[in-house]
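Data block below; observations after.
Values in this text are rule-based calculations from the coordinates and carry no lab data. Note that this is a predicted model, so its numbers are computed, not measured. Cβ atoms come from the backbone with ideal geometry, glycine included; neighbour counts cover every protein chain shown.
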Amino acid sequence: MSSRRQLLKQTAAVVGAASAGLLLPEIARAQSNKIRIGFMLPYTGTFAQLGIGIDNAFRMAIDEQGGKLGGREIEWFKLDDESNPAKGVENAQRMVQRDKVDVLVGTVHSGVQMGIHRVVRNTNVINLIPNAGVHAATRELCASNVFRTSFSNSQPTLALGKPMVQRGHKKAVWITWNYAAGEEAFEGFKQSYEAAGGTIIKTLGLPFPQVEFQALLTEIAALKPDAVACFFAGGGAAKFIQDYAAAGLKGKIPLYGSGFLTEGVIEAAGAAAEGVVSTLHYSDSLDTQRNKDFRLAYAKTFKLQPDVYTVQGYDTALLLIAGANAVKGDFNNRKVLYEAMENAKINSPRGAWTMSKSHNPVQDFYLREVVKGENKVIGVAAKALADPGTGCRMG
Ligand code: PHB
């Protein structure tokens with residue numbers, strides 16, 4: 001047989017086998033050998049540092065495992081969502097349809113998260129939420145392909161009410177941005193503060209991401225509450241802390257918050273941040289080897305100080321690694337992949353945590369106070385706190 005005829009014959013055999021479905025898995029594997037991971041995060045705007053920290057620490061965790069996922073190479077994609085809810089669906093569609101990501105890591109802002117949720121629900125894309133706490137994602141709209149590694153919006157503030165009352169502050173003003181994260185943080189605060197015997201005398205708010213706080217601070221001064229509690233984060237949080245002091249309220253009316261208030265902003269806020277008390281699932285000063293190692297590695301790699309967002313980004317990768325290792329990189333094996341992620345115990349710098357049935361962390365919350373530019377742990381505010389997962393019906 002001539003070599004040409006032989007080649008034709010072989011080709012025919014290959015085509016025949018392929019059309020009979022025999023070679024297709026091989027070909028499919030060869031074509032999509034790399035796992036496609038897309039970051040849809042804020043890289044600009046008031047939450048820019050949060051997105052960058054998540055991205056950095058996620059990659060650091062992957063690098064610590066040799067740069068692969070379940071033995072497979074990774075192809076990275078990245079999109080700046082600008083914390084703009086109006087573009088949430090469109091941006092998520094880009095990642096899913098244009099970039100064809102297997103895993104969408106995103107995002108920070110609760111409103112944008114709802115856009116992602118609408119797109120990824122009922123698809124095969126794995127969505128890992130490294131921050132946004134919007135309740136619906138792990139309550140009534142929970143989904144088998146959506147896992148959150150951060151918190152639900154009411155979790156940190158569910159831990160806040162009791163210590164405030166215990167510290168003698170029975171009348172509080174609440175202030176936040178008027179969007180899902182602020183509103184749901186308020187739900188947690190109201191529940192815990194009133195249950196402990198506190199009274200919320202006024203709630204104040206402004207649209208996200210506005211930072212014109214003066215008029216509201218004047219109102220707080222006139223109301224003379226025992227304390228102020230709030231939800232702010234990122235650049236807006238640094239400005240709020242500074243304006244609070246500049247308005248003459250620091251030292252007169254104690255300032256409390258869900259702990260995002262003092263994450264990644266202490267340096268920028270400077271002396272104004274001293275004495276702020278908050279509750280969060282992390283603290284810089286957690287005295288464990290795991291936390292110290294993580295902080296050192298992050299600071300060395302990025303020449304930046306880590307914070308809760310970096311821990312969440314790191315843990316997001318740890319969760320995915322646990323799943324990918326269980327299926328040796330075969331993401332088609334969804335049952336085993338999801339089971340491994342659901343049952344993972346994440347050995348995190350924040351302390352070990354597990355996944356609730358609705359795919360949200362069950363974790364401890366610390367009471368922290370800013371002392372000499374650091375979030376010092378001054379107590380444990382809640383042990384193994386789980387979001388109620390209301391309305392979640394996962395098969
Ligand atoms: C949110 O929008 O869900 C959000 C943003 C920043 C935070 C916490 C929650 O620090």
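Using bins 5 angstrom wide from zero, how does P(r) for the stretch 155-280 break down, in % of all Cα pairs?
All Cα pairs considered, the percentages come to 2, 12, 25, 27, 23, 10, 1.
Using modelled backbone amide H atoms (1.01 Å from N, in-plane), which distant-in-sequence or interchain residues come within less than 5 Å of residue 202's amide H?
174
Let me have the relative contact order for the stretch 301-395, percent, based on Cα pairs under 8 Å that are six or more residues apart.
It comes to 17 percent, rounded to a whole number.
Scan around residue 364 for amide H atoms under 5 Å from its own, H built in the peptide plane at 1.01 Å from N, and keep only partners 5 or more places away or cross-chain.
384, 385
If you scale each eigenvalue of the Cα gyration tensor by 5 and take the root, what three semi-axes come out for the chain, rounded to whole angstrom and sorted largest first? Please report the intermediate quantities before stating the final value.
On the way: eigenvalues 401, 77, 71 Å².
They are 45, 20, 19 Å, listed largest first.
Output ³J(HN,Hα) for the stretch 288-295: one whole-Hz value per residue in order, computed from phi by the Karplus curve 6.51 cos²θ - 1.76 cosθ + 1.60 with θ = phi - 60°, and x for Gly and Pro.
10, 4, 4, 5, 5, 4, 4, 5
Taking Cβ-Cβ under 4.7 Å as the only way to count a partner, pick out the unpartnered cysteines of the chain.
Within the chain, the cysteines lacking a partner Cβ under 4.7 Å are 230.
Largest first and in whole Å, what are the equivalent-ellipsoid semi-axes of the stretch 21-172 based on the Cα gyration tensor, each being the root of 5 times an eigenvalue?
Details: eigenvalues 227, 58, 48 Å².
Taking √(5λ) for each eigenvalue gives 34, 17, 15 Å, largest first.
List the relative contact order of the chain as a percent without decimals, with contacts defined as Cα pairs under 8 Å and 6+ residues apart. Mind showing how you got there, number by number?
Numbers: 828 pairs, mean separation 67.2, N = 395.
Contact order relative to length: 17 percent.
Among 243, 55, 81, which one moves the most in a GNM of the chain with springs linking Cα atoms closer than 10 Å?
So, out of 243, 55, 81, the one fluctuating most is 243.
Where in the stretch 290-343 are there trypsin sites (Lys or Arg not before Pro) that are in a DSSP coil and have at most 14 other Cβ atoms within 10 angstrom of their Cβ?
Working: sites: 290, 292, 295, 300, 303, 328, 334, 335; in loops: 303, 328.
When the trypsin sites (Lys or Arg not before Pro) of the stretch 290-343 are filtered for loop state and at most 14 Cβ neighbours within 10 Å, 303, 328 remain.
Alpha carbon centre of the stretch 365-395 versus the stretch 37-57: separation in Å?
Cα centroid of the stretch 365-395 versus Cα centroid of the stretch 37-57: 22 Å apart.
Using every alpha carbon pair in the stretch 250-360, what percent of pairs falls into each 10 Å bin from 0 up to the bin containing the largest distance?
All Cα pairs, binned at 10 Å, distribute as 13, 35, 29, 17, 5, 1 percent.
Spelling out what I want: for every residue of the stretch 257-262, take phi, set θ = phi - 60°, compute 6.51 cos²θ - 1.76 cosθ + 1.60 (Karplus), and round to whole Hz; glycine and proline get x.
x, 5, x, 4, 3, 10
Report, for the chain, the % of DSSP beta bridges that are antiparallel, rounded to 5. Working shown, then result.
Values: 17 of 51 bridges.
Among the beta bridges of the chain, antiparallel pairing accounts for roughly 35 percent.
Where the eigenvalues come from the Cα gyration tensor of the stretch 309-395, what are the semi-axes √(5λ) of the equivalent ellipsoid, largest first, in whole Å?
So the equivalent ellipsoid measures 29, 17, 9 Å along its semi-axes.
Test of understanding: in a Gaussian network model of the chain with alpha carbons linked when under 10 Å, which of 223, 320, 367 would top the mean-square fluctuation ranking?
Residue with maximal mean-square fluctuation among 223, 320, 367: 223.
Output wanted: per-residue J couplings in Hz (rounded whole) for the stretch 58-69, from phi through Karplus 6.51 cos²θ - 1.76 cosθ + 1.60, θ = phi - 60°, x for Gly and Pro.
Along the stretch 58-69, the couplings run 4, 5, 4, 4, 5, 4, 4, 9, x, x, 10, 10 Hz.
For residue 348, what residues show an amide H to amide H distance below 5 Å, using hydrogens built from the backbone and excluding near sequence neighbours?
Correct list: 353.
Restricting to Cα pairs below 8 Å that are 6+ residues apart, what does the relative contact order work out to for the stretch 155-280? Please round to a whole percent.
Working: 227 pairs, mean separation 35.0, N = 126.
For the stretch 155-280, the relative contact order is 28 percent.
I'd like the orientation of helix 180-195 relative to the chain: the angle between its Cα long axis and the longest Cα principal axis, in ° from 0 to 90, rounded to 10.
50 degrees
If exposed means no more than 14 neighbouring beta carbons inside 10 Å and the site is in a DSSP loop, what's the longest run of the chain without any exposed GluC sites (Glu not before Pro)? Could the numbers behind the result be given before it?
On the way: sites that count: 73, 140, 212.
Longest site-free region, per DSSP loop and neighbour criteria: 213-395.
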